[in-house]
Structures are given as C-alpha cells and as structure tokens.
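Engineer: Quick one: structure below, then a few questions.
The values are calculated or read from the model by the stated rules, or taken from the named source; none is laboratory data. Note that the coordinates shown come from a computational prediction; the quantities given were computed from them, not determined experimentally. When we count neighbours, we look across all protein chains shown, and the Cβ atoms used for this are built from the backbone with ideal geometry, even at glycine.
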Amino acid sequence: MKTLFTLIRKDLLEQWRTKKILILSIVFLFVAVSSPIIAKITPELLKTLSVPGMTITLPKATYMDSLDQFIKNVSQIALLVLVFVVAGAVSDEKNRKTLEILLTKPVSRTLFILSKFKAYFISITAIFAVSSVLFYLYTVSTFVSFNFWNFALMAGNILLYILMIVAVTIMASTIVGNSLAAGGIGFISYILFGTIFSLFEPLQKYSPNKIFSAYKDIIIKGWNGDLLLPIVVILSVIIVSVLVSIFVFQRQEVER
Amino acid sequence: MSAISVRNLTKKFKLFTAVDDLSFEVEKHHVVGFLGPNGAGKTTTLRMLVGLSKPTNGNMEIAGTPIVFGKSDTNIKIGYLPELPSMYGWMSGHEYLEFIADIFKFSESKKKTKITELLKLVDLTDAKDKRISTYSGGMKQRLGIAQALLNDPEVIILDEPVSALDPMGRKEVLSVIEKLKKNRTVLFSTHILSDVDRICDDVVIINNGKLVVSSPLSELKAKYASPILEVEFISDPTKILATVRKEKWAKKVEQNGNKLRIWLFDNSAVKSNAPLNFLLTQKIVVLKYGLTLPETEDLFINLLGEEK
C-alpha cells in the first residue's frame, strides 16, 4: 500500500507541476461559472436580434436552462480537453523513458497502472466537485434555489460518466505508444457510447448517455431507477479498462 | 552461487536475432566489463537482466533468484542505470532520490542520511534543489548513478555509465565503481576500453549477440593479447614503416611521432631478438626499445579480428 501511495503522490505532484491540474481547473471552473451567465443572457441577446416587424418571444430563463448549459458544456468542451490531458498518462512515461528506471525498482506493473487511474480519479473528482458546488451556488444566486442533494446526485452520475471516459483513455494510453492516438481513442469512445446504444432499441436502457438525458428527472424527483443499468455499464467499463490496462502492461516490453 | 547467471539467453526481433544463445556467469564482488562492438547485443542483454525486455528463450538469475519478465522480485537486489537515463524533469534531484527511497520504504532518518551521502558522492549537493530538466547530461548521469546505488544493491548493472561524462566526471564515476567492488557486483557495458583496464576483474565480450569470451581479464590478456613493442627513434621513422610492416613477426604497426608501436604475433620474436636485430640494420638511431603490457583494446581488437 505504501508503494501505491508513493506512486499516487508522485502522479498528483506531476499533474500539479506540469499544469495539468491548472488546465483542468480552468476549464471546469469556466464551465461552472459561464453556464449560469450564458443561460441568463441568451434570451437578452436574442431579443437584441429582433428586427422591426418581427417579435421574438422567449420564456424567462430558469435554473433548468443553467443546468442545461452546464450539462452541454461538461459533455462537450470539458470532456474533450480532459481526454487530451489524460491521454499521456502512461504513453508519456513510455515515450520519455521515465519508466525505465522506475520499473527496475520494487514497483509491480499492476501498482504502476493502478496509480495512474487512482491519481487521475482523485484529481478529476476534486476538480469536478469544486466546479459543481460553484455552479450550484452561482445558479442558486442567479435564479432560484433548488434541491442541493438532487443536484449532488446528478453531478455524481455525471462524474461517473467522466471517470469512465478517463478510464478508457488511460487504457488507450497503455495500449498505444502515442498520447495523441490515446486521446483520439478516448474521444471516439465518447462518441461511440453515445451512438452504439441508441442505434439498437434493446440496448437503449443500458446507454451510459442516459445520465445526460435524465438529469432533469433527477433534479426534480431525485433518484431515477432507470439509471441503475447505465451506472452498472459505466462501472463495468471502468473495471474492464483497469483490468485490460494491467493485463496489457504486464506483457509489454519497455522499448528503447 | 554466482551473482549473475545467464543461460542460453536469446532475443529475437522478428527476423533479427539480437542475442543468440548467450551464456555467462558473473562472480560475486567482481567488476565485470561487458564489451562488444556497436549492435553486438549488450544493451538488449542488460535490459533483459533488469526485466525491461522479455527474452525469447533462456534463463537468468540474480543472486540465485530467477528473473521473470513482468515481475519485480529481483529488483530489490539490483541497481540499474540505463544509457542516457531519463528521470522526471519536473522533480529536483533531491526529490527524485526521495521518491526512489520511498519506493524502497526507507525510514525518514535512513532516507536523509543515504541521500545526503549519495549526493556528496556524485557531487550534486549544490544542485540538489534544481529541477532535473535543467541538469546537464553529465549531471543526469551522476544522478542516475546515485539512484542505482540508493538501495545498496547486491548487483549493479550499468549501461555505458561514463559515456556522457567529461574526463573529470569519468574519473570520479570510475572511482565510485572501483570502491563498490569491495562488497558489490558490478556489470557494466562500455566502449571505453581503458576504463575496463582500470577497474575490471573480468570481461564478457559478445559479438553479433553471441559470446566471444568470458574470463578474468588477466587470463585473457595472457592468452589472447599480442605482445607489443614500443620503440622510440631519434628522428621520424616514417621511412622504415613500410619495411617493418613487411616483417613476418609484425602483426600491426602504428606510428606516433618518433615512436612506433609494433604488435607481435607471439613472444618467439622477442626471445630471438629478431625485431631489435632488424631495427639495428635500419639507418635510424633507436633511443628506447621495450615490451609493453597489452591493454584491453589490443585484446578486443585481437579477439574481434582487426586487420593488420
């Protein structure tokens, strides 16, 4: 356990010193702060576009519009940046040869891979949690108050989805030797999760993307039983990504 | 029990065989030079020994423990320095050694003492808080040596440890390696053959992935190295160079100013005084005439066959 802790601490310090945490924090905090603002000013902006003879009638923006904007921004801008920040998790160590010395120490390959997953899970969870709380507070102060615990439940589900994409990206980073390719695979996986499940009717109830479409239900009613299967799929993808990464890495040679 | 045991080791990359049925043993507390021309398979062998590369065939042991690719069981016993070591550039030298010490689960006091001692040994005390990304090649090499020694390993494997160092740095690192042989086993690859002469007990020479010879250096010199005559003349001996080369006892001749270095086929020419008698017939004054000890370079050339 001490070795795993040492490796996780090193990875977190690396994320901090190489400004990965800073980049992700800026992106997620921007999404958190900008979403309520965009929701608030969009109707005003559209009104200014009206021309004589044409009347644009728009409903007044609510906290639901702010949530809508938040979900859109997280699932598009933030996830795209996240995938390319995480893509170098293992491949950069291979390309820069920094793991040559490390793997000749009493560090098992399993612990090395686990440390990569855990370090990114910790930092991304922390950044997303802070951003979500900030978003909630800003939305409540701009619009009206709504149930925090329902919001926390919704944010928790979205976090699971984000961690699934991170897990797939780290797995890609372990399998391929190039961080750009790993980022590409991570991004494609995000698109595939959105399309494959929606193509076939019987698969739709398992779609991880239900997390995004069901957020309004959770905010209004709380826990939605329909999300159980998508959550099981998400957790399964995370576990399989970790296991595949360990399996592949244990058999990989460190090329010169 | 040998410190390192390599048996029938083979490594194939698709159609190319980098290491071909290689077997050798390294005795405990010996410093062993691992030699061979470029592309001989030295680095590939060392990388298999430290578990970075997977052998196609064969067995290896470190101090009696089998090396299994993908497992880290033998890593507690080894210290490894790769050629051109890469360390985390965003860490300082001190932080990097602390990180490695934490992996070995050192206590705080042991960590502090050992790191201070090693930083002093590799002369990085003043630069310990600078980022590794700002270090020169030589500084990185010295930090690499420090990390390899941190756990007091039984076996130290160094891949070209002095190739990136200036003469002073090289001298210091060689002194460090020399000190280690009291209670450590060192296997190091190098192409600087004078370094082998200075610190090695044994040599393992490979070529095209195959073992050429594995033996104590002194025995090898006695057996394979050609005796060398060093002759100094009063004036430039260029005019007699071609004639000397034609003599049947001369294997190879090199000129350096007023001096000639003549590699002989064997000692019989010396015993019969043939070279001296020949030189005295040439119209040039001989100032010095003597037999010199063969060096590893001569041995290397002899074994791997360089032409006259």
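Engineer: Tally up the residues in the range A:185-220 that are in contact (Cβ under 8 Å) with a residue 12 or more places away in the chain and either assigned to a helix (DSSP H, G or I) or surrounded by 20 or more Cβ atoms within 10 Å (Cβ to Cβ) (or both), please.
Structural biologist: Of the residues in the range A:185-220, 20 are in contact (Cβ under 8 Å) with a residue 12 or more places away in the chain and either assigned to a helix (DSSP H, G or I) or surrounded by 20 or more Cβ atoms within 10 Å (Cβ to Cβ) (or both).
Rundown of residues vs (1) assigned to a helix (DSSP H, G or I); (2) surrounded by 15 or more Cβ atoms within 10 Å (Cβ to Cβ), yes/no style:
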residue: A:Arg9; (1), (2): yes, no
residue: A:Gln15; (1), (2): yes, yes
residue: A:Val31; (1), (2): yes, yes
residue: A:Ile38; (1), (2): yes, yes
residue: A:Ile41; (1), (2): yes, no
residue: A:Leu46; (1), (2): yes, no
residue: A:Pro52; (1), (2): no, no
residue: A:Asp65; (1), (2): yes, yes
residue: A:Asp68; (1), (2): yes, yes
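Engineer: Please go through (1) within 19 Å of the chain's Cα centre (by Cα); (2) within 30 Å of A:Leu13 (Cβ to Cβ); (3) surrounded by fewer than 16 Cβ atoms within 10 Å (Cβ to Cβ) for A:Ile170 and return the number of the only condition it doesn't satisfy.
Structural biologist: (3)
Engineer: Still on this structure: With respect to B:Ser214, determine if the residue is among the polar types (S, T, N, Q) and closer than 30 Å to B:Ser23 by Cβ.
Structural biologist: yes
Engineer: Considering each of A:Lys10, A:Lys19, A:Lys47, A:Lys40 in turn, give the residue that is of a type outside the set (Gly, Ala, Ser) and at positive phi.
Structural biologist: A:Lys19
Engineer: Name the single residue, out of those in the range A:94-150 being β-branched (Val, Ile, Thr), within 30 Å of B:Lys71 (Cα to Cα) and not in a helix (DSSP H, G or I), that is nearest to the chain's Cα centre (by Cα).
Structural biologist: The extreme case among them is A:Val107.
Engineer: Further, regarding this structure: Within the range B:89-97, is there a residue that is within 13 Å of another protein chain (Cβ to nearest Cβ), surrounded by 21 or more Cβ atoms within 10 Å (Cβ to Cβ), assigned to a helix (DSSP H, G or I) and not small (Gly, Ala, Ser)?
Structural biologist: Yes, the range B:89-97 has at least one match.
Engineer: Check off (1) small (Gly, Ala, Ser); (2) within 18 Å of A:Leu4 (Cα to Cα); (3) surrounded by fewer than 16 Cβ atoms within 10 Å (Cβ to Cβ) for B:Ala101 and give me the number that stays unchecked.
Structural biologist: Only one criterion in (1) small (Gly, Ala, Ser); (2) within 18 Å of A:Leu4 (Cα to Cα); (3) surrounded by fewer than 16 Cβ atoms within 10 Å (Cβ to Cβ) is unmet by B:Ala101, namely (3).
Engineer: For the range B:104-128, name all the residues that are within 14 Å of chain A (Cβ to nearest Cβ) and out of contact with any Pro (no Cβ under 8 Å at 6 or more places or on another chain).
Structural biologist: Once the filter is applied, which keeps residues that are within 14 Å of chain A (Cβ to nearest Cβ) and out of contact with any Pro (no Cβ under 8 Å at 6 or more places or on another chain), the range B:104-128 yields B:Lys105, B:Phe106, B:Ser107, B:Glu108, B:Lys111.
Engineer: How do the pairs read when you match residues in the range A:230-256 that are more than 14 Å from every other protein chain (Cβ to nearest Cβ) with residues anywhere that are at pLDDT 95 or above and surrounded by fewer than 20 Cβ atoms within 10 Å (Cβ to Cβ), using Cβ under 7 Å and keeping only pairs 6 or more apart or on different chains?
Structural biologist: A:Ile231/A:Leu160; A:Ile234/A:Leu160
Engineer: Looking at the range B:171-193, I want the residues that are surrounded by 19 or more Cβ atoms within 10 Å (Cβ to Cβ) and have a partner that is small (Gly, Ala, Ser) and assigned to a loop (DSSP other than H, G, I, E, B) with Cβ atoms under 6 Å, at least 6 apart or on another chain. Which pairs are those?
Structural biologist: Taking only residues 6 or more apart or on different chains, the pairs are B:Thr185/B:Ala3.
Engineer: Out of the range A:217-234, which residues are closer than 22 Å to A:Leu163 by Cβ and either in contact with a Pro (Cβ under 9 Å, 6 or more places away or on another chain) or basic (Lys, Arg) (or both)?
Structural biologist: Answer for the range A:217-234, where residues must be closer than 22 Å to A:Leu163 by Cβ and either in contact with a Pro (Cβ under 9 Å, 6 or more places away or on another chain) or basic (Lys, Arg) (or both): A:Pro230, A:Ile231, A:Val233, A:Ile234.
Engineer: Among the candidates A:Lys118, A:Lys97, which residue alone is within 14 Å of chain B (Cβ to nearest Cβ) and either surrounded by fewer than 21 Cβ atoms within 10 Å (Cβ to Cβ) or of a type in the set (A, V, I, L, M, F, W, C) (or both)?
Structural biologist: None of the other options fit; the residue is A:Lys97.
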